[in-house]
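J.: First the structure, then my questions, so here it is.
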Amino acid sequence: MNFYKPSKNDKLTCTLCQHYCDISLNKTGICGVNKNTGDKIECLVYGYPAVINVDPVEKKPLYHFLPNTKTLSIGTVGCNFKCSFCQNHGISQEQKINKDKYYSPEDIVRLALKNNCESISYTYNEPTIFYPYIKDIAVLAKKNGLKNIFVSNGFESTEVITHMAGLIDAANIDLKSFDSEYYKKHLGGDLDKLKQNLKLFKKLKIWIEITTLIIPNLNDSNEELKNIAKFISTELSVTTPWHLSAFHPDYKMLDRPRTTTDSLKVAYDIGIKEGLKYVYMGNASLENNSKCPKCNNIFLQRITYKTTIEKRKYGVQCSICNSKLDGVFKTARTMSVANTFYSSSCEDIKKQFNHFKIILNESNFKKELPFIPKAIISPHAGFIYSGFTANAVYGMLENIKASTILVIGPSHKHNFKNASVSMFEDYNTPCGNIKIDLNYANYIKNKYDFVDFIPEVHNEHSTETQAPFIKAKFPNSKIVEIVYGDISYKKISLIIDEVFEKYSHIFVVISTDLSHFYSKDKATNLDNICLKAIDTLDINTWNKGCEACGRVGVKALIHSANKYKFNSKLIDYRTSADITKDDKNVVGYVSAILGI
Ligand code: SF4
């Protein structure tokens, strides 16, 4: 799509922003970077960002969009506004383009991925003026699972905003004043058009947050602030975040004082009084927490827009009243070992499970159990190695009606104290999502002080490898995932005890592998200790030399099983040598079933 059209007298009209400049041949429009080259308008800054940075997304500022993630931020020279207080005037009011290095859209996306960013932000100067570059980057970004963010003065053309739908995921838009004269005189803009644009962003379901730079004696009267807050709450939504930003003297506006914390607080109170749920005070080193819109519980804790502090929580559901925070959050526990530990193709996984089933049926394996299963122990290597052992034990659960499966496994990638319960909404598997039982997850997090939600540890294969089996065997059940770090087994057993005592609808899965990388003879000797301990439910036996990465979980299960007088049955044991034929470096796998 082109953003220009023919005009009178051989001119071309640029349709990127609301200025709709009529541009003569070889001239540029108001921004200085879009030029009539004869048959088209060329965006001169295409491929030439003046700034590239990796920022926290909070710095945009966006507080309700993928919190605590990094965003690759790019800006060029040029702007369609002439704000005398511009804090980025070094690039925005510059029109000289440095063409030393060309960055293709592919280069930008590659940089974002390399820096572990979850989004690309078009920011620093007004992105609308380089939208032809943005749209090419944004399409590629989407294909690579990245989100796109616009940080803008809101003066886009209707054509550009309409084009953004489905491509741009979030925007922070300046609402610099509620005075039409101010917009005209100080900025070279148009308040009415901005208001229309904000409504259009909202209508097109692009997540927006609003920023107002509070400038002493210019736009800080109570009446004006009240009008802005009222417009946001009534014409956009009470759930639209409003960022009040403190002014500091800059560019041509050096004659005014900084905004005081007191005047920010006055503006904050006005926003709250007008019904806004989320009002923030930026550029002032204040704590800016996101609170539950219903019960005021802190969802997200921030000291400044740049800082993440230790106790920050960013689940999607309030841990007290179960309300949701408005915004765009990472809501799925994504797969981290698909295509390595197991196939990302559902069809391939089904074929593999079927293959395991055929082998089992052809053996003399007996499915009968003299007790009702309440928990299993299952291995977590690549399916090619331990999938048969896992499939055999899950195959014993066909008549079990559990509405929630509690999966407990050790962390292999992160060192941390205690345990983390996953607070995302969905758990991705190649055969579709499993709903996370957030009520139960919340309950665990609130009840046990050794359980928190630490999002980054939920890229764990010990638990993730159970999910395809759970999806296959319990297609209608929910899941709760606990990943543990440095913790005693007695703490984990408190959670298991409670399930055995009170919750017949919850089934427990403990994930572990056995000894690692010994010769087959030594591995078998060590693993036999573990097998005996599981079979007899005896922790003392386990302590006689059994080695297992998931030892805490297994010991917790044995501890609880003893308390409730459970029975145990070993289902399968084998080692990686069965597949690799390498007897020198062996990993052991066991599956077992426990019940009453
Ligand atoms: S982007 Fe806006 S200011 Fe620049 S040429 Fe186009 S219409 Fe004019």
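J.: Just checking, which of Pro430, Pro475 is out of contact with any Ser or Thr (no Cβ under 8 Å at 6 or more places or on another chain) and closer than 30 Å to Cys346 by Cβ?
T.: Of Pro430, Pro475, the one residue that is out of contact with any Ser or Thr (no Cβ under 8 Å at 6 or more places or on another chain) and closer than 30 Å to Cys346 by Cβ is Pro475.
J.: Could you please find all residues in the stretch 154-169 being within 11 Å of the ligand (Cβ to nearest atom) and of a type outside the set (A, V, I, L, M, F, W, C)? Please lay out each step first, then the result.
T.: Quick first cut of the stretch 154-169, residues within 11 Å of the ligand (Cβ to nearest atom) only: 155-157, 159-160.
Matches in the stretch 154-169: Glu156, Ser157, Glu159.
J.: Determine, yes or no, whether Lys491 is in contact with a strand residue (DSSP E or B) (Cβ under 9 Å, 6 or more places away or on another chain), open to solvent by 10 Å² or more (accessible area, probe 1.4 Å) and under 16 Å from Tyr440 (Cα atoms).
T.: Against the criterion (in contact with a strand residue (DSSP E or B) (Cβ under 9 Å, 6 or more places away or on another chain), open to solvent by 10 Å² or more (accessible area, probe 1.4 Å) and under 16 Å from Tyr440 (Cα atoms)), Lys491 does not qualify.
J.: Of the residues that sit in the stretch 533-544 and are under 18 Å from Lys491 (Cβ atoms) and assigned to a helix (DSSP H, G or I), which one is most open to solvent (accessible area, probe 1.4 Å)?
T.: First, the residues of the stretch 533-544 that are under 18 Å from Lys491 (Cβ atoms): 539, 542-543.
So of that shortlist, the ones also assigned to a helix (DSSP H, G or I) come out as 539, 542.
Values: Ile539: 24, Trp542: 8 Å².
Among residues in the stretch 533-544 that are under 18 Å from Lys491 (Cβ atoms) and assigned to a helix (DSSP H, G or I), the one most open to solvent (accessible area, probe 1.4 Å) is Ile539.
J.: Oh, and also: I'd like to know if the stretch 102-117 contains one or more residues that are touching a Ser or Thr at 6+ places or on another chain (Cβ under 6 Å), buried (at least 22 other Cβ atoms within 10 Å of the Cβ) and within 22 Å of Leu62 (Cα to Cα). Working first, answer last.
T.: Initially, the stretch 102-117 is screened for residues touching a Ser or Thr at 6+ places or on another chain (Cβ under 6 Å), giving 117.
So of that shortlist, the ones also buried (at least 22 other Cβ atoms within 10 Å of the Cβ) come out as 117.
Checking which are within 22 Å of Leu62 (Cα to Cα) leaves us with 117.
Within the stretch 102-117, one or more residues are touching a Ser or Thr at 6+ places or on another chain (Cβ under 6 Å), buried (at least 22 other Cβ atoms within 10 Å of the Cβ) and within 22 Å of Leu62 (Cα to Cα).
J.: Filter the stretch 553-579 down to the residues that are part of a helix (DSSP H, G or I) and either modelled with pLDDT of 95 or more or touching a Cys at 6+ places or on another chain (Cβ under 6 Å) (or both) and list them by number.
T.: Of everything in the stretch 553-579, those that are part of a helix (DSSP H, G or I) and either modelled with pLDDT of 95 or more or touching a Cys at 6+ places or on another chain (Cβ under 6 Å) (or both) turn out to be Gly553, Val554, Lys555, Ala556, Leu557, Ile558, His559, Ser560, Ala561, Asn562, Lys563, Ala577.
J.: Can you tell me which residue in the stretch 124-153 is farthest from the ligand (Cβ to nearest atom), limited to those that are at pLDDT 95 or above and of a type in the set (Phe, Trp, Tyr)?
T.: Phe150
J.: Here's a follow-up. Residues that are open to solvent by 20 Å² or more (accessible area, probe 1.4 Å) and away from the ligand (no atom under 12 Å from the Cβ): find the strands (runs of 3 or more DSSP E) completely inside the stretch 3-88 holding 2 or more of those. Lay out the reasoning, then the answer.
T.: Details: elements: 4-6, 12-14, 34-36, 41-43, 51-56, 70-75.
Here the list reads 51-56.
J.: For Met423, all conditions in the list (1) crowded, with 22+ Cβ neighbours inside 10 Å; (2) in contact with a Leu (Cβ under 9 Å, 6 or more places away or on another chain); (3) closer than 21 Å to Tyr489 by Cβ hold save one; what is the number of the exception?
T.: Looking at each condition in turn, Met423 falls short on (3).
J.: How many residues, within the stretch 426-440, are in contact with a strand residue (DSSP E or B) (Cβ under 8 Å, 6 or more places away or on another chain) and not charged (D, E, K, R)?
T.: 8
J.: Find the strands (runs of 3 or more DSSP E) located wholly in the stretch 452-518 whose residues include 2 or more that are at pLDDT 95 or above and of a type in the set (A, V, I, L, M, F, W, C), and list them.
T.: 478-484, 506-511
J.: Now for a different question. I'm told Lys203 meets every condition in (1) within 29 Å of the chain's Cα centre (by Cα); (2) crowded, with 16+ Cβ neighbours inside 10 Å; (3) more than 25 Å from Asp269 (Cβ to Cβ) except one. Can you identify the failing condition by its number?
T.: (2)
J.: Go over the candidates Val483, Val508 one by one and state the one that is open to solvent by less than 40 Å² (accessible area, probe 1.4 Å) and closer than 15 Å to Lys401 by Cα.
T.: Result of the check over Val483, Val508: Val508.
J.: Is at least one residue of the stretch 391-400 open to solvent by 10 Å² or more (accessible area, probe 1.4 Å), out of contact with any helix residue (DSSP H, G or I) (no Cβ under 6 Å at 6 or more places or on another chain) and free of Cβ contacts under 8 Å to residues at least 24 places away in the same chain?
T.: Yes, the stretch 391-400 contains a residue that is open to solvent by 10 Å² or more (accessible area, probe 1.4 Å), out of contact with any helix residue (DSSP H, G or I) (no Cβ under 6 Å at 6 or more places or on another chain) and free of Cβ contacts under 8 Å to residues at least 24 places away in the same chain.
J.: Now for a separate question. Could you list, in sequence order, all residues of the stretch 401-412 that are assigned to a loop (DSSP other than H, G, I, E, B) and either at pLDDT 95 or above or buried (at least 24 other Cβ atoms within 10 Å of the Cβ) (or both)?
T.: Ala402, Ser403, Ser411, His412
J.: Based on what the data block shows, is Phe130 within 18 Å of Leu236 (Cβ to Cβ), crowded, with 22+ Cβ neighbours inside 10 Å, touching a residue at least 60 places away in the same chain (Cβ under 8 Å) and over 23 Å from the mean Cα position of the chain (by Cα)?
T.: No, not satisfied.
J.: Could you tell me which residue of the stretch 279-327 is nearest to Val57 (Cα to Cα), considering only residues that are modelled with pLDDT under 80, surrounded by 21 or more Cβ atoms within 10 Å (Cβ to Cβ) and among the aromatic types (Phe, Trp, Tyr)?
T.: Step by step, filter the stretch 279-327, then rank; the result is Tyr305.
J.: Moving on to the next point. Has the stretch 545-552 got at least one residue that is under 39 Å from the mean Cα position of the chain (by Cα) and not in a loop (DSSP other than H, G, I, E, B)? Quick ask: steps written out before the conclusion?
T.: So in the stretch 545-552, the residues under 39 Å from the mean Cα position of the chain (by Cα) come out as 546-552.
So of that shortlist, the ones also not in a loop (DSSP other than H, G, I, E, B) come out as 551-552.
For the stretch 545-552, residues under 39 Å from the mean Cα position of the chain (by Cα) and not in a loop (DSSP other than H, G, I, E, B): present.
J.: All but one of (1) in contact (Cβ under 8 Å) with a residue 12 or more places away in the chain; (2) open to solvent by less than 10 Å² (accessible area, probe 1.4 Å) hold for Tyr183; which doesn't?
T.: Going through (1) in contact (Cβ under 8 Å) with a residue 12 or more places away in the chain; (2) open to solvent by less than 10 Å² (accessible area, probe 1.4 Å) one by one, Tyr183 breaks only (1).
J.: Looking at the stretch 206-224, which of the residues that are open to solvent by less than 20 Å² (accessible area, probe 1.4 Å) and closer than 20 Å to Leu167 by Cα is farthest from the chain's Cα centre (by Cα)?
T.: The residue in question is Ile210.
The values are calculated or read from the model by the stated rules, or taken from the named source; none is laboratory data. Just so you know, these numbers come straight off a predicted model, no measurement behind them. Please note: Cβ atoms are built from the backbone with ideal geometry, for glycine as well, and neighbour counts cover all protein chains shown. Surface accessibility is based on the protein's heavy atoms, side chains included, excluding ligands, DNA and RNA. Shrake-Rupley method; radii C 1.70, N 1.55, O 1.52, S 1.80 Å.
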